[in-house]
Amino acid sequence: MTAAPRPMSAGAGAAVRWGGLAVVTAVLLAAWQFLPSGVQGDGSSVPKLDAVVKALGPSGEWGEYLTALRTTLGEAFFGLLIGFAAGVVLGVLLGESRILRQGFYPYALALQALPPIALAPIFVIWFGLGMESKIGLVGAATLFPILVSTMAGVAETDRGRIEMATAFGASKAQIRRKIVFPGLVVPIFSGLEISVVLSFLAAIAGELISANAGIGVILQVYQRDFRLAEEFAVLLILVVVGLALALLVRLARHFVLERMPNE
Amino acid sequence: MSTEEHAVELAGLRHVFAGRGRGRRAVRDVEAVKDVDLTVEPGEFVSIVGPSGCGKSTILKMIAGLLRPTEGSVRVWGEPVTGPRRDIGIALQDATLLPWRDVMSNCLFPVELHGKVTGAARERVSGLLERAGLAGFESRRPKELSGGMRQRVAICRALADDPRLLLLDEPFGSLDALTREQMNIDLNRIWRETEKTALLITHGIDEAVLLSTRVVVLSERPGTVVEVVTPPFPKERTKELMSTPEFAEVSGQVRDRLFASDVKVGG
Ligand SMILES: Nc1ncnc2c1ncn2[C@@H]1O[C@H](COP(=O)(O)OP(=O)(O)OP(=O)(O)O)[C@@H](O)[C@H]1O
Ligand SMILES: [Mg+2]
């Protein structure tokens, strides 16, 4: 609800944060380049930094990376959309109705215990090798965190706020619309922060099992052909994209909270 | 309205919170208040003081229509209370402002519930905020305000839909002594200028004497009225009043009654 406290001045905080990160990064990169690598001693087990940089440079397989990334991100996006919508709707329903919660929540918990990768073969059988099976998988994987945080948000609505609104004569519908729902923005974003990362993971996991396009597929191709520099290049791209997605959610959360309408 | 209509009329009021469960983890019935008789006349400022847990909030919630009496009757402006009324403004111990709304729209909340947000309502709220020393803070969010400012917003919200009766449950409980004194003077001015009827629950004896036309002292739980003290001061109250011998005498009267049964006062 409130912004994280900042004990230091913004400038000093940033200097420490970025300074520390820069030093650690420099040491890691130097170690990567100059330490002897590879147990086999043929240099192929861990590619040197310059080889990876080259794979990421203009001569790299950018066409391939980007096409694959577009497929994977597409699967993650549409799957997340489904998981998000279903999670919010089910979360509100389960949060508001004790009977539904007690009836369905154990099933939701049980399903959540299944790792997405174990579900992948089933989704491939149901939806085929294309994007659809991965979208379904992502939907199933991302639904749960959103459902749980939405449900908790509804069930834990501040009693004092409800009492205050009731005292001013609010109807049940008004309490829902003006007290409960606006209070869900924060918990839904907490769920979304987890689900965004999961969406990416589930899409790639699904592709590694069986797919005809996407990051998971090119990772397998590079592995098969021992193109380890390209393999590492793709992993680095994944890190950057994953971070960018998490950052995007933070920005969206900030934006929404600042701009919530006054009603 | 007839002139002899009471603002609030409590007769033979009793409330029991029902227990639950069985065996070792059972929760027993709690008789919070009993035999409470009290009338508040239009334009009065009545304070209720009493030991912690003696049922003060319970009484206020019954008047607000949030709780039903187990026995006895509650009337507001002559009508039996069956639920929350639109002509009551209430401010509870925690300000309970809505964090996603700015100050203006928090104050307009009751008006909005009653479907009456108009330019005139906005102007009235602006006037209230100005009187409460919050001019210029209309579009701030609660997290940008101090604790005292939030309490003042809560009081403005209570007054926003122009209620005839104002119910305040320890609205200044969490404030430091200095801010609290200032808020008391502010509240006295707001009460005089808006000509409301007010019922205040407080732990502060001086606060009760400073603000009220009558101070009602409750016994320990189950709470019942043991004394009504009438501070003989004009409507306008000042800080200076608090250092007069007359003020000390009235406060002493309330204090003696409260401590008569060696009862501790405090949150
Ligand atoms: N919802 C509830 N369920 C059961 N018991 C309750 C409930 N609310 C209050 N009580 C009990 O009723 C008694 C009176 O409570 P109340 O809140 O009215 O006291 P109070 O005089 O306002 O106390 P304080 O000065 O500490 O605010 C207390 O003993 C409390 O334990
Ligand atoms: Mg109380």
Quiz item: For the protein assembly as shown, what does -39500 (n - 2.57) per DSSP helix run (n ≥ 4), summed and divided by total residues, give at 222 nm, in deg cm²/dmol to the nearest 500?
Solution: -17500 deg cm²/dmol
Self-check item: Centre separation in Å (Cα based) which lies between the stretch A:180-229 and the stretch A:114-170
Solution: 16
Exercise. Write down the radius of gyration of chain A and its Dmax, each obtained from C-alpha positions, in Å.
Key: 22.9, 78
Quiz item: In terms of the Cα gyration tensor, with a ≥ b ≥ c the square roots of its eigenvalues, is the stretch B:1-106 rounded because a/c is under 1.5, prolate because a/b exceeds b/c, or oblate?
Solution: oblate
Quiz item: From the phi of every residue in the stretch B:163-178, what ³J(HN,Hα) in whole Hz does the Karplus formula 6.51 cos²θ - 1.76 cosθ + 1.60 yield, where θ is phi - 60° and glycine or proline is x?
Solution: x, 7, 10, 10, 10, 10, 9, 6, x, 10, x, 9, 9, 6, 4, 5
Quiz item: What net charge do the residues around A:Leu29 carry, taking every other residue with its C-beta under 14 Å from that of A:Leu29, with Lys and Arg at +1 and Asp and Glu at -1?
Solution: 0
Practice problem: Mean Kyte-Doolittle of at least -0.5 plus a Cα span of 18 Å or more along the axis: flag which DSSP H helices in chain A meet both, please. | Solution: A:10-34, A:62-96, A:98-112, A:131-155, A:185-209, A:228-258
Practice problem: Assign one of three labels to the stretch A:125-259, namely rounded, prolate or oblate, based on the Cα gyration tensor with a ≥ b ≥ c the square roots of its eigenvalues; rounded applies when a/c is under 1.5, prolate when it is not and a/b is larger than b/c, and oblate otherwise. | Solution: prolate
Quiz prompt | Cα-based shape type of the stretch B:52-131, given that a ≥ b ≥ c are square roots of the gyration tensor eigenvalues and the cut on a/c is 1.5 | solution = prolate
Quiz item: If you project the alpha carbons of chain B onto their three principal axes, what span does each projection cover, largest first, in Å?
Solution: 52, 50, 44
Practice problem: Any chance you could check the Cα centroid distance between the stretch B:230-248 and the stretch B:45-75 for me, in angstrom? | Solution: 27
Practice problem: Place a +1 charge on the Cβ of each Lys and Arg in the stretch A:132-263 and a -1 charge on the Cβ of each Asp and Glu, then give the dipole magnitude about the Cα centre in debye, rounded to the nearest 20. | Solution: 520
Self-check item: Kirkwood Rh (inverse of mean 1/r, distinct Cα pairs), the protein assembly as shown, angstrom
Solution: 28.1
Practice problem: Give, as a single signed number, the net charge of other residues whose beta carbon lies under 10 Å from the beta carbon of B:His203, with Lys and Arg counted +1 and Asp and Glu -1. | Solution: -1
Self-check item: Amide H partners (placed H, <5 Å) of B:Gly223, local residues excluded
Solution: B:Val33, B:Lys34
Exercise. Determine which lysines satisfy two conditions relative to A:Lys172: a Cα distance under 19 Å, and not lying fewer than 8 residues away in the same chain.
Key: B:Lys61, B:Lys116
Self-check item: Summed side-chain charge close to A:Phe123 - residues other than A:Phe123 whose Cβ falls under 12 Å, Lys, Arg +1, Asp, Glu -1
Solution: -2
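Read-outs: derived from the displayed coordinates by stated rules, not from any lab. Nothing here was measured: the structure is a model prediction, and the numbers come from that model. Using ideal geometry, Cβ is built from the backbone for each residue, glycine included, and neighbour counts are taken over all protein chains shown.
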